[in-house]
Each structure stands twice: as structure tokens, then as C-alpha cells.
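Heads up: the structure comes next, in C-alpha cells.
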Amino acid sequence: MSWSDATVVVLPLDALGGAGWADAGLGAAGVMSDAGRDEVRRDVPLAGPELVERFRRVRRAAVGVAGGVPASVTVVVSPGQGPRQLPMLRHAASVAGLGVVDVLSVPVAVGWHLLAGGVWLAVGASVLVLTMDGGCAATVLRRTAEGFEVVASVDAGTVAAELADGVAASGDVLVREVARRAMVGAQVPSGMFDLVCAVGPDVGAGVGRQLAQVCGVEPMLVAEPELAPVLGAVQRGPAAGWRGRPAGGGVGWRDMAGVVLPALASLGLFAQFVAGGQRYGPREKLESGFLLAPWGVLAFAAVFGLVALAGGLLLAADRYRLADEPGAGGLRWVRGRLEAVALVGAAAGAAVLAAVYALMAASFFDLDIGGLLRWSVLPVLPAAVALAAVAVVMWRQAVPPAGSWVDWLRFPLFAVVTAGVGAALIGWDETGVPSLVQPLAWQLYQWMPGGPLTVIGPVGRLGGGLVGVAVALLVVRRPLLRLVLGLPLAVLVAVVLSWRVTGTVAVGFAFAVAVWWAVRAVVPVLRPLLLRPAPAADGRVAPAVAGDDPQRGPYAGSPAGFPAGARPDADRGGWDGDGAGPR
């Protein structure tokens, strides 16, 4: 079961009818519920009524757990399924109330699972997938621009019939012969495969050695190989298109607001810095004057410029991506790399924009540019480096952890609003610009009168509290943690704020922005490694035990963009609504 934020719950067999599933040779099933949710399951040929009943169990499980009927259905079938079984399968799913289903073979689903786990497979790469689920079948796939195509497939039933009875009883010989015939059929010589792997509940430690002898390539270990086909079907996405983004590259209001609001905040704060600054000393003389200005406001303006550039260029790259049609799913790596280039451009452009701000201010005030560069360029550099790290991860892992990279990297709008208003209030307390804040200042002075000689009054302290709230919104994601951290941080900043500390507050916000982007770079890389289950005594990756939450199942919290090993326990929770952090 997978949501649009990439959380996956694999339903155990007992939740889908108990031992009857295992007796029928059925594997685990997963569903994506309502409004872009997808249902995935594995099956074997059954009689019509029996197959309809199996699908009805899946549908009831989906409604019971997700609260709605699946919007799209993908059925994962074994490589031995022929064209005679597929019409019966589709008809049974339709009778069970699942609608029109998309059919995906196990090897192709495994290919999508490997891509989602970060395995790089260039167009034209050859992959051999050995499926062991009550039988044995070897399939050779070729990576295409749209996904994968089956080049050759050999089933153990055909091979065993041609071998002697004594030889057929040896599983190792059967594995080698099936893989060898698949290689011959695909005309791929030994040692020329880009990747070899084995999946299924019957995969043992000796299978890898047999494949290495025949294929000349060391097989890749797939975590929880019995779940790889089901997870791969979810990671491929529903047949109607890539999850989380509308077809054709539509841009929502949140995306536009994520660009317009930071841009307005950047320009407005820079205008406040220029209008509120006071230059002392003669102009156009050898003796340089000095500037009394809200330097923290200049740092805020540069940071908001970086946020606006990152959001704008990312949307521009995403806007011209290929339409999300069913056949274009394999070209997502192209879009991912275009968006990575856009982020690198945003990081470099933010440094240039900060330098332009410093140059314009130096020309306006007739001052040396060194001090202005220190307050405009330096605060942006940590966030720019973190943004470049996100671009590197995006280049190497083209499939995003959420519905799209735009969803994963959407900057929190409320943090932009609170930090922008807070910076403007601090700047007003230092300069008196703009005069529109005067009515608010008069009212605040009635409630909280300040000292007669203090520069920072109630207005500035209110602004400092808003900046503290913005930092809490960026650092943590859970509402309770935001409340626990935001209130003390807002009070602390409001109390200690003084004229000489305003620049420090701005730099602290810049570091919080850098941390926000750094988390978006680190999570896709480290989460699969940190949550990978420990290997069992026989060397296989042991599946997790059932959790305590019967509604979520034993495999709650596994992001669909990550390998099967990236699966926390049920008590670790899922991901929040926009796929941006743990819940």
C-alpha cells in the first residue's frame, strides 16, 4: 500500500485471507489508495471464480486500510504467464470491482525496483533476472528509453522436460541451464551483462554462485527479494502517469507562490536596506565614509533571492519536461538531470545576485564593496553548497523520493512569510522604513513600552520572534516538535535581540535554510542504508516481523523511491503529507 508521499505498506498474507494465499502460490500484495493510489499484487493462473475471490480480498483490504477503492491497479505476473491467461486475469479483476488493470511481468517490475533504488542502467543495458517462486525462470531485459523490454525468457518447465530425470532433480543444474538458455536466446555472451540478480521467496545462498558461473558477472544482492516485484510495480507508478504531478507538467499555485513570495521578499528587503541606510562622510573623496544600515536585512534579501531562484529554475526545467504518459516513464532520468542542472544554476545565480546587490548598494552609497559583499555573499554560500549537493543526488538518483523533485524541494511557504515579515519588522525598528509599519508600532508601544534609548523595540522583537518561528519550521517537520521548538526559540530571539545581534539572527536563518536543503540531499542517500535490515544467519536479508499496528501492517514507512531494504518498523511512522519528513 503506497501513498503519494512514497510511503509503502506491504500487507501480510494473513491480512488477505490467511493461508489460502500461500496455498495458491500468491505473494504479498500492496495497494495505493484513492486519488492517485495504485494497487499491486502477484498472482498465478487460477480458475475464474477463485481468481475473482482473490481480487475481492485485495479490494476489501484496500478499502479497509486506505478507506477507498484503488484508482488504478497493476497486476504483477510471473514470466511464464502467456497471452491465454492475461484476458482471464483482466476479466477477473474487472468482475471483482478493480476496473481496468495494467499487467506487468516480474522481471520488468524488478527492473523498476532497481532503478528506484539508485542502480544506474543506461539505455541499452542488458539485465538478467532469475525468478524463483515455486519454479525457476530466467529473463533477459534490455533498458529502453521507455523502460524495459523482454528480449528472451526461459522457464524451468520447458528445460526440465528436455533434461534427464536425474539431472532435473538437481536445482543447481536447473538454474544454470535456465540462465544459459536465456543468454543464448538473447545473444548476450558471458560477462557482458550490466546486471544480474535473483528474486523470489526460493532464492538461496547457492543461487548467486550458479549465476556467476554462467553469466560471468557477480549477481547483485536484492534486499528482500520476495518483495522486489511488488515494490517495483509501485515504484514504476500507475499506468496513468507518474504519481504526484499532473500530466503535461502543470504548475500549481503552491509552486508559483514558492517563487513569487521569496522574490518579492528579496526585492522588498533590499529596497528597505537601501532606503534605510545612512551614509556618513564625504562622497567621491579619497577618505571612505561609513554606512549605518540594517546589515542583517541585506543578508535576508540575498537568502530569499536564492530560494526564489531555486524554485523558479526548478519549475522551468520541470515545465519543459516530457509529458507524463505511460510510455514516457523511462525518460524520467532525463528530466531529473535537467532539474539537477537547474539547481546548479540556481546556486551559482544566487551568488551572482548577492554580488549584484552589493554592487548596487556600493554604487548608491559610494562605498567600498568589500563590507557589502561580506553581508550579501557569505550568508548565501552554505545554502548554495547544500543546493549543489541536492543537484548531485538528483543527477545520480533520477527517481525522486516523493512524487517529483518539485514536490520534494518545495520550500515551506509559511517559513518564507514569517521570516520575510520578521526581517522587515527588524529592519523597520533599525531604520524607520517603511512608514506603513508606524500604526502597528504605535499599538505595540502601548502594550509593551520599550526603553527610551534602545534601538530595538517591541516591533523588532516581534520580528525576531517570527524569524525564530521560521527557523523551527525549517529544522523540524512534526507539528508537535515545531511547537516544542518554535515557542522557546521565538521567545529567545525576541528577548536577546539587540542592534548588534540583528546580523547574527540573519546568518542563523541562512544556516537554517542550508540545513533544510542539506536534509533533502542526505535523506535519499542515507535512509536506505540506515534502515536496511540485518542479514540472517544464512546470508539472506531477513524480512521484518509484524508490527503492533494492524492498520498499517509490518512494513509501514518504506519510501517507494527506495530499495526494499529501506523499510522502517511500523512504530517508526510514515512520511508527512508532502513527502518532506517523518511523521
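Of 199, 173, 203, 154, which residue is at pLDDT below 85, within 19 Å of residue 111 (Cα to Cα) and of a type in the set (A, V, I, L, M, F, W, C)? Full working, then the answer.
Values: 199 fails: at pLDDT below 85; 173 fails: within 19 Å of residue 111 (Cα to Cα); 154 fails: at pLDDT below 85.
One residue alone meets the criteria, 203.
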Revision key, fill the gap. Counted residues in the stretch 268-296 being under 14 Å from residue 373 (Cα atoms) and open to solvent by 60 Å² or more (accessible area, probe 1.4 Å) come to 1
Review point. Picking from 119, 123, which residue would you name as being open to solvent by 10 Å² or more (accessible area, probe 1.4 Å), among the β-branched types (Val, Ile, Thr) and more than 24 Å from residue 203 (Cβ to Cβ)?
Key: 123
Exercise for review: Go through the stretch 73-127 and count every residue that is within 17 Å of residue 226 (Cα to Cα), aliphatic (A, V, I, L, M) and not in a helix (DSSP H, G or I).
Suggested key: 4
Check your understanding: Looking at the stretch 36-58, is at least one residue crowded, with 17+ Cβ neighbours inside 10 Å, at pLDDT 70 or above and closer than 28 Å to residue 394 by Cβ?
Key -> no
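Take residue 507 and decide whether it is more than 25 Å from residue 404 (Cα to Cα) and crowded, with 22+ Cβ neighbours inside 10 Å.
When the stated conditions are applied, residue 507 does not pass them.
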Exercise for review: Select from the stretch 59-72 the residues that are in a helix (DSSP H, G or I) and modelled with pLDDT under 80 and write down the one among them that is surrounded by the fewest Cβ atoms within 10 Å (Cβ to Cβ).
Suggested key: 64
Practice item. State which residue pairs qualify: first residue over 15 Å from residue 208 (Cβ atoms) and inside the stretch 122-138, second residue β-branched (Val, Ile, Thr) and outside any strand (DSSP E or B) in any location, beta carbons under 6 Å apart, and separation of 6 or more residues or different chains. Key: 126/188
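Yes/no matrix, rows are residues, columns are (1) out of contact with any helix residue (DSSP H, G or I) (no Cβ under 8 Å at 6 or more places or on another chain); (2) open to solvent by 10 Å² or more (accessible area, probe 1.4 Å); (3) under 19 Å from residue 277 (Cβ atoms); (4) modelled with pLDDT under 95:
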site: 427; (1), (2), (3), (4): no, no, yes, yes
site: 439; (1), (2), (3), (4): yes, yes, no, yes
site: 454; (1), (2), (3), (4): yes, yes, no, yes
site: 482; (1), (2), (3), (4): no, yes, no, yes
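Within the stretch 189-202, can you find the residues that are open to solvent by 20 Å² or more (accessible area, probe 1.4 Å) and either under 14 Å from residue 178 (Cβ atoms) or within 31 Å of the chain's Cα centre (by Cα) (or both)?
The answer is 194, 201, 202.
Which of the residues spanning the stretch 128-142 are part of a strand (DSSP E or B) and open to solvent by 10 Å² or more (accessible area, probe 1.4 Å)?
Step one: of the stretch 128-142, the residues part of a strand (DSSP E or B) are 128-131, 137-142.
Within the stretch 128-142, 131, 142 meet the criteria.
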Check your understanding: Is it true that some residue in the stretch 179-186 is part of a loop (DSSP other than H, G, I, E, B) and at pLDDT below 90?
Key -> no
Revision key, fill the gap. If we keep only residues of the stretch 372-390 that are over 20 Å from the mean Cα position of the chain (by Cα) and among the β-branched types (Val, Ile, Thr), then the residue farthest from residue 356 (Cα to Cα) is 380
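The values are calculated or read from the model by the stated rules, or taken from the named source; none is laboratory data. All values reported here derive from a predicted model rather than from experimental measurement. Here the Cβ is made from the backbone with ideal geometry for all residues, glycine too, and neighbour counts use every protein chain on show. Please note that ligands, DNA and RNA were not included when accessible areas were found on the heavy atoms of the full protein model with its side chains. Shrake-Rupley method; radii C 1.70, N 1.55, O 1.52, S 1.80 Å.
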